[in-house]
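Report on the structure given below.
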Amino acid sequence: MNSIVTQRFAKCHDKLRQDKKIRSSRQFAFALDYLPQSLSEVLKGRRDVTIELIRRAVEVYRFNPLYLYLGEGPMFLPDSMEQDFRVLTVVTTPDQNERIVHVPTPAQAGYAGEATNPDFIQELPSYTLPDHKYKSGTHRSFDIVGDSMEPTLYEGDKVVCSYVPPGAWDTDIKNNQVYVIVTRNDIVVKRVLNKLSTAKYLELLSDNESYDMFCVDSADIREVWHIRTRICAFLSSNTQRSNMREQIQELRQLVHNQSLLIKELQATIERMNNVGPSKA
């Protein structure tokens, strides 16, 4: 709790009060459509600021996301400054707890361009999970498409991921971990080598050796999600045993066929060795 982003958020709030741009923290909370009691917990450092609260503060009071996440620039966006820093849109419960938004396969084609559109995100399915680790931070889940990450992930699997904020990409994106990378035009699931601090790009590798490694520049990255949980179809034990027996039987048949082939080759070689050179 009490992350550096939360501390900077509180400083922006205090600056608004100091400059008399808000009368009270209660007024500030209502302006952001947020519960005053929950805001008090954030300002006291007992709860981390949520992505949704940051998004609302950027819209209403022009909090500068670059300052909040990176500590760079002024606290507030001047009128001349373009707001090209993406603020994540989330879905919350009435008591301000974030729900996990799921991005199914049909929605992935438009997700990169619509991820900051509240209407688009609200229309996606969302849910909660009972584990405590999903109660803190922002999480999102994605359908796995294609076979590039086999045998680690298969098409039809779902992955539940935690959000990696842009200010933490250099340090929190760990080498050889698997991430969902949202670029300007696509969503990819890859194992990552982090070259951001030295070369400003990520190397993306597939676990399926049929696919080549490629790089994505930091300027093309829109979101990064660290995969925490894999959800896959359940097969009953009887089905698993049956499949295993079939696979073993196929292997036995393959070995048997190979043995026959080897014997035939050996016999052919022996016949050729027993036949002497023909006389002219």
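Every number in this text was worked out from the coordinates using simple rules, so none of it is lab data. Predicted model only: the values in this text are computed from it and were never measured. When we count neighbours, we look across all protein chains shown, and the Cβ atoms used for this are built from the backbone with ideal geometry, even at glycine.
Some notes on this structure:
- Within the range 139-164: backbone nitrogen closer than 14 Å to the Ile231 label point (7 Å, Cα to C-beta): 139-144, 156-162
- Of the residues Phe30, Phe76, Phe142, the one with the fewest other Cβ atoms within 10 Å heads the list, and the complete ranking is Phe30, Phe76, Phe142.
- Packing-based exposure ordering (other Cβ within 10 Å, fewest first) of Ser40, Ser259: Ser259, Ser40
- Here the relative contact order of the chain, from alpha carbon pairs under 8 Å that lie six or more residues apart, stands at 12 percent.
- Rg in Å to one decimal, and Dmax rounded to a whole Å, for the chain via C-alpha atoms: 27.7, 115
- Taking label points 7 Å from Cα along the Cα-to-Cβ direction, Thr92 and Phe214 give a separation of 3.8 nm.
- Exposure proxy for Met75, Met213, Met149: other Cβ atoms within 10 Å of each Cβ, ordered fewest to most, give Met213, Met75, Met149.
- The calculated 222 nm mean residue ellipticity attributable to helices in the chain amounts to -12000 deg cm²/dmol, summing -39500 (n - 2.57) over DSSP H runs of n ≥ 4 and dividing by all residues.
- Principal semi-axes in Å for the range 1-115 [√(5λ), Cα gyration tensor, largest first]: 25, 18, 13
- Label-to-label distance for Ser259 and Glu246 is 2.5 nm, based on points extended 7 Å past Cα in the beta-carbon direction.
- Residue-wise HN-Hα coupling along the range 166-177, computed from phi with Karplus coefficients 6.51, -1.76, 1.60 (Hz; x: Gly, Pro): x, x, 10, 4, 4, 9, 8, 7, 8, 4, 6, 8
- Candidates Thr183, Thr171, Thr268: whichever shows maximal mean-square fluctuation once the chain is modelled as a Gaussian network with Cα springs under 10 Å: Thr268
- Over 24 Å (Cα to Cα) - which of Lys135/Lys190; Lys135/Lys195; Lys20/Lys44; Lys133/Lys174 fall in this group: Lys135/Lys190; Lys135/Lys195
- Solvent-free Debye scattering, log10 I(q)/I(0), computed from the Cα coordinates of the range 58-180 at q = 0.16, 0.21, 0.22 Å⁻¹: -0.98, -1.40, -1.44
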